[in-house]
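I have placed the structure first, in the form of structure tokens, so that the comments after it can refer back to it.
The values are calculated or read from the model by the stated rules, or taken from the named source; none is laboratory data. Because the structure is a prediction, the values reported are computed rather than measured. With ideal geometry, Cβ positions are generated from the backbone for all residues, glycine too; neighbour counts draw on all protein chains shown. All accessible areas refer to the heavy atoms of the entire protein, side chains included, with ligands and DNA or RNA removed. Shrake-Rupley method; radii C 1.70, N 1.55, O 1.52, S 1.80 Å.
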Amino acid sequence: MNNKIVVCLGKGGQRDQAESFARRTDAPIQDKPGDYLTVRFDSKGVSLSGFGLTYQGDFVESMLHRVTNGRLQHEMLVKAAKSDKEGRKAIDATAGMGEDAFLLAAQGYEVTLYEQNPVIAALLKDAIRRAKKNIDLKDIASRMKVIEGNSVECMSKLLDPVDVIYLDPMFPARQKSSLINKKLQLIQKLEPPCSEETDLFDAAIKANPDKIIVKRPLKSECLAGREPSYTLKGKAIRYDCYVL
Ligand SMILES: C[S@@+](CC[C@H](N)C(=O)[O-])C[C@H]1O[C@@H](n2cnc3c(N)ncnc32)[C@H](O)[C@@H]1O
């Protein structure tokens, strides 16, 4: 992937996972952290560190409060994806750390999450694995399946029909100060620039879902310049919905 990432295998870490990750990314396995970013496999799971910060995906901390006590139905994405259909299926074609996919899974969707960045995919798989051990989150997490790869290619080979395809190709603009944002910035160091919005949108259309939902910054252009059927607007973001 690049020569800046180092893999550390700590006590209790999954050796086979660490070795397979190192092979796929061409990263060396070392005892000590590297100078740039380090992906660590140990008894606590998988974490990313560098620049004095450590990040680990955690749905309990970041998401539990959003899906409990009647709050789920207030989520704009949940409103955008509302459906009464039994056994509904969604694809999150730009998974990132899976927070949006988690909302869809909490709503009852079986979600396939595609993530092209191997570091983010490893962090995400680990966060889901740990969520499956949490009594409050395990049912939701068990509806989330991560596939490491480019969703444009993967969506062209789908065998089963899908109800909703969700696209969120951009990380939010960098913000200041809080620790959470600093952690996000650590992840942002990994992300290649997204140059394939049109390809993503075309692949989603070809997959023929009932609906495509696209998350956009409130005032930005529509993805690939395509006008949606309707839009749900929040304070900083909006969801463009394309009913096919
Ligand atoms: C803004 S983040 C998504 C954040 C996510 N919605 C969440 O709730 O955490 C965009 C992610 O999409 C991934 N991505 C972009 N294009 C992709 C593609 N064609 N296939 C798979 N992943 C892709 C990037 O690597 C990045 O991790």
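The one condition from (1) at pLDDT below 95; (2) of a type in the set (D, E, K, R); (3) out of contact with any Ser or Thr (no Cβ under 9 Å at 6 or more places or on another chain) that residue 129 does not meet is (1).
Matching residues to (1) of a type outside the set (Lys, Arg); (2) at pLDDT 95 or above:
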position: 73; (1), (2): yes, yes
position: 82; (1), (2): no, yes
position: 86; (1), (2): yes, no
position: 92; (1), (2): yes, yes
position: 103; (1), (2): yes, yes
position: 106; (1), (2): yes, yes
position: 113; (1), (2): yes, yes
position: 116; (1), (2): yes, no
position: 125; (1), (2): no, yes
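Of the residues making up the range 90-118, those that are near the ligand (Cβ under 9 Å from one of its atoms) and in a helix (DSSP H, G or I) are 99, 100, 101, 102, 103. If only residues of the range 128-160 that are near the ligand (Cβ under 10 Å from one of its atoms) and in contact with an Asp or Glu (Cβ under 7 Å, 6 or more places away or on another chain) are counted, the one that is least open to solvent (accessible area, probe 1.4 Å) is 152.
Selection over the range 103-116 of residues that are closer than 25 Å to residue 20 by Cβ and open to solvent by less than 10 Å² (accessible area, probe 1.4 Å) gives a count of 2. Among the candidates 6, 46, single out the residue that is modelled with pLDDT of 95 or more, touching a helix residue (DSSP H, G or I) at 6+ places or on another chain (Cβ under 7 Å) and under 18 Å from residue 123 (Cα atoms). Only one candidate passes the filter, namely 46. In the range 223-239, is there at least one residue being open to solvent by 40 Å² or more (accessible area, probe 1.4 Å), of a type in the set (Ser, Thr, Tyr) and at pLDDT below 95? So far as the range 223-239 goes, no, none of its residues is open to solvent by 40 Å² or more (accessible area, probe 1.4 Å), of a type in the set (Ser, Thr, Tyr) and at pLDDT below 95. Screening residue 123 with (1) out of contact with any Asp or Glu (no Cβ under 6 Å at 6 or more places or on another chain); (2) more than 9 Å from the ligand (Cβ to nearest atom); (3) under 27 Å from residue 233 (Cβ atoms); (4) touching a residue at least 40 places away in the same chain (Cβ under 8 Å) gives one miss only, at (3). Within the range 96-117, residues that are more than 16 Å from residue 129 (Cβ to Cβ) sit with their Cβ atoms under 6 Å from residues that are in a helix (DSSP H, G or I) and of a type in the set (Ser, Thr, Tyr), at 6+ positions apart or across chains, in these pairs: 114/151.
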